[in-house]
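All remarks here apply to the structure that follows.
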Amino acid sequence: MKTLSLKNLRKTYFDPYAGSQVTAVHDVSLDVEQGEFVSVVGPSGCGKTTILNMIAGFIPYTGDEILIDGNLVKGPGPDRGVVFQSFALFPWKTVLENVGFGPKMRGVPKDERDRTAREYLALAGLSHAADRYPNELSGGMQQRVGVVRALANNPAVLLMDEPFASVDAQTRMTLQEELTRIWQERKPTVIFITHDVAEAVFLANRVVVLSKGRVLDQIKVDLPRPRVWDHLIEDETFKRLSAQVLQMVRAA
Amino acid sequence: MNIALRFWSGYVRTTHRWPIIATIVPFIPVVAIWSIVANSGMFPRAFFPAPVDVMRSFISLTYKGILPDYLQDSLIRLLFGATIGVALGIPLGILIGSSRLAHRICWPVLLFFQAIGDIAWLPILLIWFGFGLTTMTFVIVYTVLFPIVLSTVLGVQSVHRDLARAAQSLGASPMRVLWEVTLPGALPNIITGLRNGLGYGWRALIAVEIIVGTSGIGFMMFDARRAGSTVEILLGMIVLGTLWYIVDAWILAPIERATGQRWGLVTS
Ligand SMILES: Nc1ncnc2c1ncn2[C@@H]1O[C@H](COP(=O)(O)OP(=O)(O)O)[C@@H](O)[C@H]1O
Ligand SMILES: [Mg+2]
């Protein structure tokens, strides 16, 4: 069952100052199965964010179609959960209210959505922070909230645009390990965008290499799970795959 | 030296427990100097009254009910005008802040009208509406409106785009995005605008009451001028300053601080 399907996606921006067109995405087709974890990796400016924003419905797309569970995308919707690099937590809501926001929009009564939110906070080891405000949390904790807020709404696809790029290196590794653990427990369908090759390989079942608005190649990642940096950092397969992807990205 | 330090320490601790003392103490030398000058015989008392005279006038006008009545009239006018100003200003600010087209169209016009001071409208307003409540309300609404619109625009624009996107992706309709994201995100700025607007409105109201009023604090001061009562003029000025200080420092400023700080939108 294909959860996400992109057909000949294109995007051209008009620059009103230069009076010219900039093609960010040339022709991208991609199918993602239910429960797959797909990393999209490529150098800065290759159109990753543009593709994600089109899938999320934040910007209008051109090209043939974007289908989620067979339905055409027309603007943002709760079937696509988004995790932002900027975290995008609501500063005036507690952690619990942030996580319960999706269910609230669906009209779920307060007791029930609080229960759901607490369940997801426990999944991310955040039960103790339920009543705090986002600005009282570290960056790593904020992004944990960002991830479970999207998950708690049960989206068909989870879209993540460089979500760990603005936390420190140690925290980033922990977050990556936690994300693989959560993925194993819940098996959400994930599109994870990054420019970090090791991160892409570490997390994914499949790595899509993007270059100048085109899909350059795709690589299956059959590393065993659970994935832990202490093991993988010395793992031959991991090293070989990372080197392979890195070469493609650098040649791109 | 030691005694001075001990005194200072005592003062700091006392004012920490009763902040109102810190507000009053700086006025003691002001009132003292005023009292000395008035009693020195440099000027005739009717020309330059002493604090006691003003106090006596305050008690007698309060007792007669004139001062409370006038104060009430002024405050109701301000509240009435401010309510209309808020009701117009916040939606207008949200529209201009969230639509680029509306911003392009409205912004220059807004700045133009802001540049025409409130009082500059009086001549034409007097011809159109005459000496009365409509003219006064117009001026207050006009004065209150701009700070609120400008701050609301700023507030709406300061809300990170990702917040609205996050809400949409969690299933929020445009109305819910407005209610759950845009308004709370803009609230600290809106309150700043309201605080400024009320301050300007209060000053404008007094000016208008002086010109077109038949009651109110501004009218009282102008009427006192006609009667040559310097005491009542000074009393009016002191009432204006005191009242605004209380409203601003004890009500508006704490609200402003509370909203921004709690959410980490404003630091310190
Ligand atoms: N709103 C925009 N207007 C004009 N050009 C844009 C806009 N957004 C992105 N671009 C251009 O499109 C290209 C791809 O950008 P982006 O999708 O952000 O890449 P990435 O996320 O891979 O770094 C870049 O050349 C960028 O300058
Ligand atoms: Mg990007």
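Quick note: the coordinates plus some simple rules give every number you see, no bench work behind them. Being a predicted model, the structure only gives us computed values, none of them experimental. Don't worry about glycine lacking a Cβ; one is built from the backbone with ideal geometry, like all the others, and counts go over all protein chains shown.
What shape does the range A:72-116 take by its C-alpha gyration tensor, where a ≥ b ≥ c are the square roots of the eigenvalues and a/c under 1.5 counts as rounded, a/b above b/c as prolate, and the rest as oblate? Could you put the intermediate results ahead of the total?
Numbers: a/c = 2.69, a/b = 1.24, b/c = 2.16.
Oblate shape, in that a/c is at least 1.5 and b/c is the bigger or equal ratio.
With springs connecting C-alpha atoms under 10 Å apart, model chain A as a Gaussian network and identify which of A:R225, A:R214, A:R149 has the largest mean-square fluctuation.
Judging by the Gaussian network model, the answer is A:R225.
Whole angstrom only: what separates the Cα centroid of the range B:167-238 from the Cα centroid of the range B:1-72?
One Cα centre to the other: 26 Å.
Check the straight Cα-Cα distances from A:K11 and name the lysines below 28 Å, setting aside those fewer than 8 residues away within the same chain.
Once the sequence-local lysines are set aside, what remains near A:K11 is A:K2, A:K48, A:K74, A:K212, A:K220.
At 222 nm, what value in deg cm²/dmol follows for the protein assembly as shown if DSSP H runs of at least 4 each add -39500 (n - 2.57) and the sum is divided by all its residues, to the nearest 500?
On the way: 23 runs with 303 residues, N = 520.
Helix contribution divided over all residues of the protein assembly as shown: -18500 deg cm²/dmol.
Give me the percent of DSSP beta bridges within chain A that run antiparallel, rounded to the nearest 5.
Working: 24 of 43 bridges.
The antiparallel proportion sits near 55 percent.
To test your reading of the geometry: what angle, between 0 and 90 degrees and rounded to tens, separates the Cα axis of helix B:183-212 from the longest principal axis of chain B?
Taking the Cα atoms of chain B, the angle to B:183-212 is about 40 degrees.
Among the DSSP beta bridges whose two residues both lie in the protein assembly as shown, what percent are antiparallel, rounded to the nearest 5? Working shown, then result.
Details: 24 of 43 bridges.
Looking only at bridges with both residues in the protein assembly as shown, the antiparallel portion is about 55 percent.
By per-residue mean of other Cβ atoms within 10 Å, what is the highest-first order of B:184-195, B:231-242, A:105-116?
On the way: B:184-195: 23.2, B:231-242: 18.5, A:105-116: 14.0.
Ranked by mean Cβ neighbours within 10 Å, highest first: B:184-195, B:231-242, A:105-116.
If the cut-off is 19 Å between C-alpha atoms, which lysines fall inside it for A:K93, apart from same-chain ones fewer than 8 positions away?
Here the lysines satisfying the reach criterion relative to A:K93 are A:K104, A:K110.
Using a 10 Å cut-off on Cβ to Cβ distances, tally the other chain neighbours for every residue of A:137-149 and report the average as a whole number.
Details: counts 0, 0, 0, 0, 0, 0, 0, 0, 0, 1, 0, 0, 3.
Partner-chain Cβ atoms within 10 Å, mean over residues of A:137-149: 0.
Output the relative contact order of chain A, whole-number percent, from Cα pairs under 8 angstrom with separation of 6+ residues.
Values: 492 pairs, mean separation 65.5, N = 252.
So the answer I get is 26 percent.
Can you list which of the chymotrypsin sites (Phe, Trp or Tyr not before Pro) found in the range B:23-75 are DSSP loop residues with at most 16 other C-beta atoms within 10 Å?
Details: sites: B:F27, B:W34, B:F47, B:F58, B:Y63, B:Y70; in loops: B:F47.
Sites meeting the loop and neighbour criteria: B:F47.
Partner chain Cβ atoms within 10 Å, averaged over the residues of A:76-84 - can you pull that number for me?
Working: counts 10, 4, 5, 2, 2, 4, 6, 2, 7.
So the per-residue partner count for this stretch is 5.
To the nearest whole number, what is the average tally of beta carbon atoms from other chains within 10 Å of the beta carbons of peptide B:157-164? If you can, show how the numbers build up before the last one.
Working: counts 0, 0, 1, 5, 4, 9, 7, 3.
Average per residue, whole number: 4.
Quick one: compute the contact order of the range A:89-154, relative version, from alpha carbon pairs under 8 angstrom and 6+ residues apart, as a percent.
Details: 79 pairs, mean separation 32.6, N = 66.
Value for the range A:89-154: 49 percent.
Enumerate the calculated ³J(HN,Hα) couplings along the range A:19-27 in order (Karplus 6.51 cos²θ - 1.76 cosθ + 1.60, θ = phi - 60°), each rounded to whole Hz, writing x wherever the residue is Gly or Pro.
With coefficients 6.51, -1.76 and 1.60, one gets x, 10, 9, 10, 8, 8, 10, 8, 6 Hz.
Can you tell me how chain A classifies by the Cα gyration tensor, rounded, prolate or oblate, using a/c under 1.5 as the rounded cut? The partial results should precede the final answer.
Working: a/c = 1.69, a/b = 1.22, b/c = 1.39.
Because a/c hits 1.5 or more and a/b fails to exceed b/c, chain A counts as oblate.
Compute the distance in nm between two label points, each set 7 Å from the Cα along the Cα-to-Cβ direction, one at B:I211 and one at A:E136.
So the label points at B:I211 and A:E136 sit 5.1 nm apart.
Shape of the range A:172-212 from its Cα gyration tensor (a ≥ b ≥ c, root eigenvalues): rounded if a/c is under 1.5, otherwise prolate when a/b > b/c, or oblate? Don't jump to the answer; show the numbers that get you there.
Values: a/c = 2.69, a/b = 1.52, b/c = 1.77.
Because a/c hits 1.5 or more and a/b fails to exceed b/c, the range A:172-212 counts as oblate.
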